[in-house]
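The values are calculated or read from the model by the stated rules, or taken from the named source; none is laboratory data. Quick caveat: nothing in here was measured; it's all calculated off a predicted structure. With ideal geometry, Cβ positions are generated from the backbone for all residues, glycine too; neighbour counts draw on all protein chains shown. All accessible areas refer to the heavy atoms of the entire protein, side chains included, with ligands and DNA or RNA removed. Shrake-Rupley method; radii C 1.70, N 1.55, O 1.52, S 1.80 Å.
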Amino acid sequence: MKYIDVNGILRDMNDSQDRFFRYIYGHAWTRALLKPLLRPGFSRFAGFFMDRGASRVLIRSFIRKNGIDMTQFEERRFASFNDFFTRAVLPDKRPLPDGEKALFSPCDAYLTVLPVTEDLRFTVKHTEYSLSEFLQSEETAEKFNGGTLLLYRLSVQHYHRYHFFDSGKIEKEYRIPGALHTVQPSANDARPIYKENTRCVSVLSTEHFGMVIQTEVGALLVGRITNNPVKDFKRGDEKGRFEFGGSTVIVVLEKDAAEIDGAYINASKDGLETEVRFGTRIGRSLKP
């Protein structure tokens, strides 16, 4: 799999995790061994361990293996692996673009841009959805027909907090529960999986982009999608954070709400993800 990095360079994705899960899901006996690990009880246990001080032993090798530049983040002693994983980024390392009408990425991630049509089938980790299936609401999905879907796929090396890209208020929130499961692409060779993941859906009323959907999706060992208890928010405010594991943020914009920069649209048409960071400008508002 190829992607365009933050410097505009075409690169090959490191697929060591995918090779591991391809082996696991390619054999009946390994799938049988893995099944108990996907139950909520195991996820709670794993989360419990990641919150304990003993889990700090994992931090140094994790930084080295994933090539994480720690000069981008707060410098302090972390109380646990999850404390490290949900670390805050230094504000000057993620500046917001000038102009309140600038549309920017709410997180560090690999971005895919898709037009929302009535027959849209978008793929998240090799599992297809219509927008209504993803949101579990035909009524909500219909309101965004003709708009734009922004799919932000976070990997383990990314900053795992996510933000609001405009000021406004939360009109509605709901959670779609699901069994936690791996989201590695090869896992779908054995069975459809992504619909089993927990989604936290927020319907936002924003100042410069109208109505917006922002949804967070959890993955294996991510028992906690922690959203901050706010109703009103300002541009750049932190919305929440993911615990350990791969995760996804999906933003859906109304028709004629924004113009996305051509580079991101063209890359997506070519089947390429583009690596972005929180604060990266990706377009502008078309609202008056």
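Numbers below:
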item	result
Potential extension, Lys93-Lys143 segment - 0.36 nm per residue separation minus Cα distance	14.4 nm
Binned Cα-Cα distance frequencies in the range 107-180 - 10 Å width, integer %	15, 41, 41, 3
Where Met1, Met50, Met211 fall by accessible area, highest first, once all protein chains stay in place (1.4 Å)	Met1, Met211, Met50
Förster-model FRET efficiency, 41 Å R0, Thr123 and Phe62, C-beta, rounded to 0.05	0.90
Exposure rank, largest accessible area first [Arg60, Arg235, Arg94; 1.4 Å]	Arg60, Arg235, Arg94
Greater than 28 Å apart at Cα, pairs in Lys143/Lys239; Lys101/Lys239; Lys169/Lys269; Lys101/Lys269	Lys169/Lys269
Chain lengthening between Asn266 and Met70 when straightened (0.36 nm per residue, less Cα-Cα)	67.4 nm
Kirkwood-based shape ratio for the range 246-288, expressed as Rg/Rh from alpha carbons	0.98
Net +/- balance of residues flanking Ala88 in space, Cβ distance below 12 Å, scoring K and R +1, D and E -1	+2
Alpha-carbon radius of gyration plus Dmax, which is the widest Cα pair, for the range 95-144 in Å	14.1, 37
In Hz, Karplus ³J(HN,Hα) per residue of the range 86-103 (6.51, -1.76, 1.60; θ = phi - 60°; x = Gly, Pro)	9, 4, 7, 8, 5, x, 6, 8, 9, x, 7, x, 5, x, 5, 8, 6, 8
Label-to-label distance, nm, for residues given as Lys234 and Glu133 (7 Å Cα→Cβ offset)	4.2 nm
Accessible-area ranking of Arg11, Arg161, largest first, probe 1.4 Å	Arg11, Arg161
Debye log10 I(q)/I(0) for the range 49-97, one point scatterer per Cα, at q = 0.16, 0.28, 0.33 Å⁻¹	-0.47, -1.09, -1.27
Pair Tyr174, Asp256: separation of 7 Å Cα→Cβ label points (nm)	2.9 nm
Under 5 Å, built H, 5+ apart or other chain: amide partners of Asp237	Phe164
Net charge contributed by nearby residues that have their C-beta within less than 10 Å of Arg56 (K/R +1, D/E -1)	+2
